[in-house]
Amino acid sequence: MNGHVVALCGGVGGAKLAHGLAMALPPDELSVIVNTGDDFQHLGLYICPDLDSVMYALAGVADPVRGWGRRDETWSFMAALKGLGGESWFQLGDRDLALHVERTWRLAHGATLSEVTAHLCQALGIAVRVLPMSDDPVRTRVLTVEGWLDFQQYFVHRQCQPAVRDFVFAGAESAQPPAAALAVLERPDLRAIIICPSNPFVSVEPILAVAGIRSAIQRAAAPVIAVTPIIGGKAIKGPAAKMMTELGLEVSAAAVAQRYKDLIDGFVIDPDDAPSQPPAGVRFFRTATLMSTTEDRLRLAREVLKAADILGTVA
């Protein structure tokens with residue numbers, strides 16, 4: 001089936017499926033809207049962790065072991081910085097550092113984040129469209145038992161140790177999505193909207209908090225399908241399962257589907273998940289969702305597209 005596909009994602013799991021979709025579709029049939037709630041300024045540089053993970057995955061240069069950053073990375077800068085007594089808790093590889101310098105320089109000279117992202121994608125040889133959720137600053141903050149923490153302080157500096165109680169997305173109430181992001185969600189030839197297997201609390205919900213994005217998804221005639229970030233009661237990468245426990249939620253794919261129930265028509269769960277009743281109006285699809293290899297990414301992307309097409313036919 002032809003038509004345009006929009007993927008919402010953030011982080012490592014989302015970047016893997018975005019890569020799979022890019023392999024499964026012609027470049028002009030895919031747009032990826034990426035979380036920027038994790039963005040922050042560090043050492044005078046503008047860092048966009050989720051955008052970078054997505055771009056590195058799409059460019060085929062992501063580190064396959066760590067799951068973040070660039071492969072074949074070197075760390076001379078960080079070693080020298082640590083030797084000077086500098087802030088070394090957030091790791092910046094030498095090749096990765098070049099991207100942050102280029103982004104910061106272009107932003108300082110008046111380019112928008114969308115424009116800088118388009119430039120970086122072109123330089124990295126990425127043909128699909130990658131869009132930040134907003135050119136305006138939105139910052140995820142985490143309420144913990146120790147008080148409020150900026151996301152990177154919680155996630156990297158504190159390594160997700162403090163128990164969470166809530167999240168806010170500072171600036172989301174006034175932030176606007178790029179015109180291009182709304183345009184792709186409103187395309188008449190829209191085939192599907194796919195919510196990638198990213199952390200629902202800190203990767204997907206910041207995107208949905210930006211004015212106009214949630215309502216555009218709800219208006220879309222195309223089916224909306226999400227992929228579980230939870231397999232067999234565990235998160236493969238990141239703190240999603242820990243967050244669910246601390247928020248008093250069941251750690252299950254079904255609980256994630258329940259959180260998305262007002263948006264989605266379908267939800268992809270793993271065979272390792274126990275049978276459960278889907279939310280009203282939502283159809284479950286079962287397929288292996290663990291993406292250990294490039295072939296896994298492509299296979300899952302094709303399965304998700306097939307499920308979306310089934311939903312589109314039923315509608």
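Could you please give the count of residues in the range 220-242 that are touching a residue at least 12 places away in the same chain (Cβ under 8 Å), surrounded by fewer than 22 Cβ atoms within 10 Å (Cβ to Cβ) and of a type outside the set (Val, Ile, Thr)?
Total meeting the criteria: 10.
Suppose we filter 58, 51, 43 for residues that are open to solvent by 40 Å² or more (accessible area, probe 1.4 Å) and of a type outside the set (Asp, Glu); which single one remains?
When all the criteria are applied, what remains is 43.
Mind listing whichever residues of the range 282-299 are closer than 17 Å to residue 56 by Cα, surrounded by fewer than 16 Cβ atoms within 10 Å (Cβ to Cβ) and in contact (Cβ under 8 Å) with a residue 40 or more places away in the chain?
Listed by number, the list holds a single entry, 294.
Just wondering, is there one or more residues in the range 45-56 that are assigned to a helix (DSSP H, G or I), free of Cβ contacts under 8 Å to residues at least 24 places away in the same chain, at negative phi and aliphatic (A, V, I, L, M)?
No: the range 45-56 contains no residue that is assigned to a helix (DSSP H, G or I), free of Cβ contacts under 8 Å to residues at least 24 places away in the same chain, at negative phi and aliphatic (A, V, I, L, M).
Quick one: count up the residues across the range 110-159 that are closer than 14 Å to residue 180 by Cβ and among the charged types (D, E, K, R).
The qualifying residues number 3.
For residue 105, state whether it is out of contact with any strand residue (DSSP E or B) (no Cβ under 6 Å at 6 or more places or on another chain), aromatic (Phe, Trp, Tyr) and outside any helix (DSSP H, G or I).
no
Whether any residue in the range 204-217 is over 16 Å from residue 8 (Cβ atoms), touching a residue at least 12 places away in the same chain (Cβ under 8 Å), out of contact with any Ser or Thr (no Cβ under 9 Å at 6 or more places or on another chain) and open to solvent by 10 Å² or more (accessible area, probe 1.4 Å) is what I want to check.
no
In the range 221-240, what count of residues is obtained for those that are in a helix (DSSP H, G or I) and at pLDDT 95 or above? Show your work before the answer.
Just the residues of the range 221-240 that are in a helix (DSSP H, G or I), to begin with: 240.
Subset that is at pLDDT 95 or above: none.
Of the residues in the range 221-240, 0 are in a helix (DSSP H, G or I) and at pLDDT 95 or above.
Hey, any hits in the range 251-267 for a residue that's without any contact (Cβ under 8 Å) to a residue 24 or more places away in the chain and either in contact with a helix residue (DSSP H, G or I) (Cβ under 6 Å, 6 or more places away or on another chain) or of a type in the set (Ser, Thr, Tyr) (or both)?
Within the range 251-267 (the criterion being without any contact (Cβ under 8 Å) to a residue 24 or more places away in the chain and either in contact with a helix residue (DSSP H, G or I) (Cβ under 6 Å, 6 or more places away or on another chain) or of a type in the set (Ser, Thr, Tyr) (or both)), the answer is yes, since at least one residue qualifies.
Tell me which residues, restricted to the range 138-159, are assigned to a loop (DSSP other than H, G, I, E, B), surrounded by fewer than 16 Cβ atoms within 10 Å (Cβ to Cβ) and within 20 Å of the chain's Cα centre (by Cα).
The answer is 159, and nothing else.
I'd like to check something: does the range 300-307 contain any residue that is closer than 24 Å to residue 58 by Cα, in contact with a Phe, Trp or Tyr (Cβ under 7 Å, 6 or more places away or on another chain) and either open to solvent by 10 Å² or more (accessible area, probe 1.4 Å) or at pLDDT 95 or above (or both)?
Checking the range 300-307: at least one residue is closer than 24 Å to residue 58 by Cα, in contact with a Phe, Trp or Tyr (Cβ under 7 Å, 6 or more places away or on another chain) and either open to solvent by 10 Å² or more (accessible area, probe 1.4 Å) or at pLDDT 95 or above (or both).
Name, by its number, the condition in (1) aliphatic (A, V, I, L, M); (2) open to solvent by 50 Å² or more (accessible area, probe 1.4 Å); (3) part of a helix (DSSP H, G or I) that does not hold for residue 127.
Unmet for residue 127, out of (1) aliphatic (A, V, I, L, M); (2) open to solvent by 50 Å² or more (accessible area, probe 1.4 Å); (3) part of a helix (DSSP H, G or I): (3).
The values are calculated or read from the model by the stated rules, or taken from the named source; none is laboratory data. Not measured: the values here are computed from a predicted model. Note: ideal-geometry Cβ built from the backbone for every residue, glycine included; neighbour counts use all protein chains shown. Heavy atoms of the whole protein, side chains included, go into the accessibility calculation; ligands, DNA and RNA do not. Shrake-Rupley method; radii C 1.70, N 1.55, O 1.52, S 1.80 Å.
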